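Here, each number is a calculation from the coordinates, and none is a lab measurement. All of these numbers come straight from a predicted model, not from anything done at the bench.
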Amino acid sequence: MAGALSGMFASQPPGPPPPPGPPGGPGPAGLIPPPTGPRNPNNTLVDELEASFEACFASLVSQDYVNGTDQEEIRTGVDQCIQKFLDVARQTECFFLQKRLQLSVQKPEQVIKEDVSELRNELQRKEALIQKHLGKLRHWQQVLEDISVQHKKPAEMPQGPLAYLEQASANIPAPMKQT
């Protein structure tokens, strides 16, 4: 697995390049092509993503922006930082999508195993949810049954203004004697 991710930690991915897409298409295998701008060969996508995030955060808490002289200049600077972060995030996503595509071509059985595992986990989660709802359903059925039994036998229940209080107090345990 470390070999499969080694392309993220260098300026060029290992192994043969992905097959070219259709002429005039968006890039290899229909994915977004990597940017053509200058890139420091010592930086990885993760380093760039982290640096762009830190730049976004720094631009929001910068003392220059707190004392802000020109709101439009501040807005432009923040927008540029956010745009750079989004661009690097897209590049990172593209990298992982390309690796996923390579994996699905090289080891299709692995993708099927992962799909089966995800489906099993989803079934277990849904089964647990069904059991939870069945428990609630049984509880409310019992409550409704108790209510219907109480309404069928009104003669046995005490009548009068204090009947409810008498019934409720009958269910309260007697206080224990202290020794």
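What are the ³J(HN,Hα) couplings of the range 139-149, residue after residue, when phi is run through the Karplus curve with 6.51, -1.76, 1.60 and θ = phi - 60°? Round to Hz, x for glycine and proline.
4, 6, 5, 5, 4, 5, 5, 4, 5, 5, 5
Under the Karplus relation 6.51 cos²θ - 1.76 cosθ + 1.60, θ = phi - 60°, what is the ordered set of whole-Hz ³J(HN,Hα) values for the range 116-132, x standing for Gly and Pro?
Values, residue by residue: 5, 4, 4, 5, 4, 4, 5, 4, 4, 5, 5, 5, 5, 5, 4, 4, 4 Hz.
As a test of understanding, state the convex hull volume per residue of the range 77-126 from its alpha carbons, in Å³. Let's see the in-between values first.
Numbers: hull volume 3.6 nm³, N = 50.
So the per-residue Cα hull volume is 72 Å³.
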